[in-house]
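This report concerns only the one structure given below.
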Amino acid sequence: MQQITPVSGQTETVLAPEQIAANGGYGAYRESDAYLDGEPSFNIRELIAIIRANLLIIGIIVAAMLALAVVVTMLQTPRYTSVTTLQINDQSAQILGKQDDTTQDPIVNSTDTDRFLRTQVDILKSRALAERVAQKLRLVGNAKFYDAMGVRQPTGDLTRAELDDLTIRTIEQARDVDLPRNTRLATVSFISTQPEMAAQIANAFASEFIQTNLQRRFDSSTYAREFISGQLSEARAKLERSERDLNAYARQAGLIRDRDANNVMSQGGRVGSSVTTTSLLELNSAANQAQAARIAAEGRWHLMNSGSALNSPDVLANPAIASLLAERARNMADLERQRANHLEDYPAVQQLKAQVGVIDAQIQNVARSIRASVKQQFDAAVEAERSLKQQVAELKSSSLAEQDQLVQYRLLEREADTNRTVYEGLLQRYKELNAAAGISASNITIIDPAIAPIRPSSPNLLRNLLISLVLGFGFAAVFIYLRTQLDDSVKVPEDVEGKLQMALLGVIPLAADSDIDVAMEDPKSPISEGYNSLRSALLYSTATGLPKTMLVTSSQPSEGKSTTSIAIARGMARLGRSVVLLDLDLRRPPLHRAIPMLNAENSCGVSSILTSQSTVDEALRDTDLDTLKVITSGPIPPSPTELLSSSRMTQLLEELTARFDLVLLDSPPVLGLADSPLMAALVDGVVIVIQSDRSRRGSLKASLRRLRNMRTNVLGAVLTKFDPTDMGNRYSEYYGYNYYQYSNTSAN
């Protein structure tokens, strides 16, 4: 795999043959393109180029929208907006709370405050408030009001309900309420064609809102007092009933309540700290201690029995044992000294041995008495543990029975306490409501009353122009987007890779048909430069360089296929390579007419070789280049497909491949014919010619599909007849293709 730089100026990666097959037949792919995995990525330069190419359409759409905005503005009737500002404080007197100073905001939760303010705004927007305003100002059936609102005067055919509904809907459409965040100031605005009418209705909304708020609070207080009075009677009855049930159960269970009703005493003392419970706790603690003592005594006893008594810590810790062991050690030392100087029957030795034996007997006696003491301690610990556990078990039964009685007692006690709390709370709130009855302090204040505006609020020409400008650009963007997406033609070099996912081998600029031959003869012409770039790309199109056999085809006729074949052949011949060009279009052969030196003579060619009427040497035609030979199509056969698919065609290619460096085949179009796919399977690479702004993506994909079905190696595509000066092609990277040309004058 190697990097090359073809005519497009973009870096391409050339794949090895086995990689080419795995890549679906593509010989190269673009790494720095705007397309990844077939999906286009955002390209700001392409976007700007598309806008430049469609500036006229954008200008027309925006201008039309601006003109429409001006016309609409001129046709609109001037309307005036009057605004009144209200300050909405929290409730100065809560229904079940205390009276507060209305000049100070109480400290409440921010969420509750926001919910309260939004509720007040919804009340301002309610239909009920609009009906109060209409009744106060007598707007129902008022001809002046309908005229100020731009509503057609109602006829007598409307019922009273329909007339009321028309009036209320008219008021709601012209009214607006706004409450900015982090403020308590709400604005009520009203729009009308008469400024005095707008100010009058806006102020009416503010005053009726205050009156509605006071009336609602008074009605709520009255209802609350009546409701709480009924609830108070029910709570009192529940409290009395729960107290009687509690006392009856305490008397039945033998439980005694003290004065504060917080502690209960049983026959042995307080239930919370009764004798049974206290004794159980103490005995349980003593049983745990006895168990620990038993475990310790058992360990000492097992240690004493497991070996020699003299190895037990209890024996060694005894003072008598320690004294005897010390005395025995002294005697043993004296005995050893005597043995060192005398025999065993010496009197002094015998006396010391007797003293040591007496001491050993004393030690054993003391050890046995210590062992007996440890055993007695172990037996006593076992008996104490058993006795305490038996007492704990007996007290557990008494404690559980006492707890069963206490559970029911606590349930009744909690019910009584709950009823008492509810009763006391309702009683306190009932007293507060009675004390606050008749107080009507409003929490709504008018900050700025509405006044008749001087200048109309609508129509606003500048705002309408800005809106139309935004809409114009939006419509233009949608139009251009749809136009771009629906256009499936291949116009610019980027479309080859973006729409077809093919490598671009070269771009051939547009030229008049009469000027093509002249331009190809001029090495400094743009067409010659384009074909030279194509030649360079073909030299590095595969991992092994230039393919030995190559097919040039297109999806449709007259796309520049034969001209490209001739240009490739002449370009390779100028490099000193031996090239043979075959005309395989056995239906409409073009080469014998396209190359002047052939003089349109086509009596011997490919068809003659395939039918064994001529040899290869007889069919080879000379050109103006020594290394370039041409084999024309020959006489047109009745069945070109059968002739091209014969084994003789394979032999012809093998023979020409052995004699020439490059065998170039000019084949007919792919669509509708089987010739090109058949020949594509026999060559090393295929070059597809695409005419700019003519070929469609559907037909090209169908051609590619047919070629890939034959397991061909598609090297890439050549875009012909590309006009970089066309406005539709100005979003291409190749715009300005003719910017740099050869000149006979030196640069400054």
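Descriptive notes on the structure:
- Inter-residue pairs, beta-carbon under 8 Å, first assigned to a helix (DSSP H, G or I) and in the stretch 221-243, second of a type in the set (S, T, N, Q), 6+ apart: 225/434; 235/419; 238/419; 239/419; 242/419
- Single match in 407, 392 (criterion: surrounded by fewer than 16 Cβ atoms within 10 Å (Cβ to Cβ), at pLDDT below 80 and assigned to a helix (DSSP H, G or I)): 407
- In the stretch 117-156, the residues that are hydroxyl-bearing (Ser, Thr, Tyr) and surrounded by fewer than 17 Cβ atoms within 10 Å (Cβ to Cβ): 119, 126, 155
- Residue in the stretch 636-646 that is out of contact with any Gly (no Cβ under 7 Å at 6 or more places or on another chain), modelled with pLDDT of 90 or more and surrounded by fewer than 22 Cβ atoms within 10 Å (Cβ to Cβ) present: no
- Single unsatisfied condition, residue 568 versus (1) over 57 Å from the mean Cα position of the chain (by Cα); (2) under 18 Å from residue 715 (Cα atoms): (1)
- A residue that is assigned to a helix (DSSP H, G or I), at pLDDT below 70 and surrounded by fewer than 18 Cβ atoms within 10 Å (Cβ to Cβ) occurs nowhere in the stretch 352-360.
- Within the set 544, 553, the sole residue that is farther than 19 Å from residue 692 by Cα and of a type in the set (Val, Ile, Thr) turns out to be 544.
- In summary, residue 654 fulfils each of the numbered conditions (1) closer than 26 Å to residue 571 by Cα; (2) assigned to a loop (DSSP other than H, G, I, E, B) with the single exception of condition (2).
- Within the stretch 667-705, being among the basic types (Lys, Arg) and at pLDDT 80 or above holds for one residue alone: 705.
- Subset of the stretch 116-159 that is of a type in the set (Lys, Arg) and outside any helix (DSSP H, G or I) - its residue that is nearest to residue 90 (Cα to Cα): 125
- Residues that are assigned to a helix (DSSP H, G or I) and more than 14 Å from residue 46 (Cα to Cα), drawn from the stretch 486-504: 486, 496, 497, 499, 500
- Taken across the stretch 584-607, residues that are in contact with a helix residue (DSSP H, G or I) (Cβ under 7 Å, 6 or more places away or on another chain), touching a residue at least 24 places away in the same chain (Cβ under 8 Å), of a type in the set (A, V, I, L, M, F, W, C) and assigned to a strand (DSSP E or B) do not occur at all.
- Residues within the stretch 603-616 that are closer than 12 Å to residue 630 by Cα and surrounded by fewer than 19 Cβ atoms within 10 Å (Cβ to Cβ), tallied: 1
- Hits in the stretch 162-204 (condition: closer than 16 Å to residue 448 by Cα and among the hydrophobic types (A, V, I, L, M, F, W, C)): 177, 179, 185, 186, 188, 190, 198, 199, 201, 202, 204
- Residues of the stretch 559-583 satisfying the condition of being assigned to a helix (DSSP H, G or I) and small (Gly, Ala, Ser): 562, 565, 567, 569, 571, 573
- The criterion of being buried (at least 17 other Cβ atoms within 10 Å of the Cβ), more than 30 Å from residue 457 (Cα to Cα) and in contact with a strand residue (DSSP E or B) (Cβ under 9 Å, 6 or more places away or on another chain) holds for residue 217.
- Selection count, the stretch 447-482, where residues are farther than 18 Å from residue 81 by Cα, touching a residue at least 24 places away in the same chain (Cβ under 8 Å) and either assigned to a loop (DSSP other than H, G, I, E, B) or of a type outside the set (Ser, Thr, Tyr) (or both): 10
- Any hit, the stretch 110-126, residues being among the hydrophobic types (A, V, I, L, M, F, W, C) and in contact with a helix residue (DSSP H, G or I) (Cβ under 7 Å, 6 or more places away or on another chain): yes
- The residues of the stretch 457-493 include none that are surrounded by fewer than 16 Cβ atoms within 10 Å (Cβ to Cβ), touching a Leu at 6+ places or on another chain (Cβ under 7 Å) and within 27 Å of residue 508 (Cβ to Cβ).
- Taken across the stretch 202-222, residues that are touching a helix residue (DSSP H, G or I) at 6+ places or on another chain (Cβ under 6 Å), within 30 Å of residue 82 (Cα to Cα) and aliphatic (A, V, I, L, M) do occur, with at least one present.
- Taking the criterion of being modelled with pLDDT under 80 and within 27 Å of residue 678 (Cβ to Cβ), no residue of the stretch 516-553 qualifies.
- Close pairs from the stretch 650-672: first without any contact (Cβ under 8 Å) to a residue 40 or more places away in the chain, partner surrounded by 14 or more Cβ atoms within 10 Å (Cβ to Cβ) and among the charged types (D, E, K, R), Cβ under 7 Å, at least 6 apart: none
- Residue in the stretch 62-76 that is assigned to a helix (DSSP H, G or I), out of contact with any Gly (no Cβ under 6 Å at 6 or more places or on another chain), buried (at least 19 other Cβ atoms within 10 Å of the Cβ) and of a type outside the set (D, E, K, R) present: yes
- Residue in the stretch 157-175 that is surrounded by 14 or more Cβ atoms within 10 Å (Cβ to Cβ), under 20 Å from residue 444 (Cα atoms) and either hydroxyl-bearing (Ser, Thr, Tyr) or in contact with a strand residue (DSSP E or B) (Cβ under 8 Å, 6 or more places away or on another chain) (or both) present: yes
- Filtering the stretch 303-327 to residues that are of a type outside the set (A, V, I, L, M, F, W, C) and at pLDDT 70 or above leaves 319, 323, 327.
The values are calculated or read from the model by the stated rules, or taken from the named source; none is laboratory data. Computed from a predicted structure; not experimentally measured. Don't worry about glycine lacking a Cβ; one is built from the backbone with ideal geometry, like all the others, and counts go over all protein chains shown.
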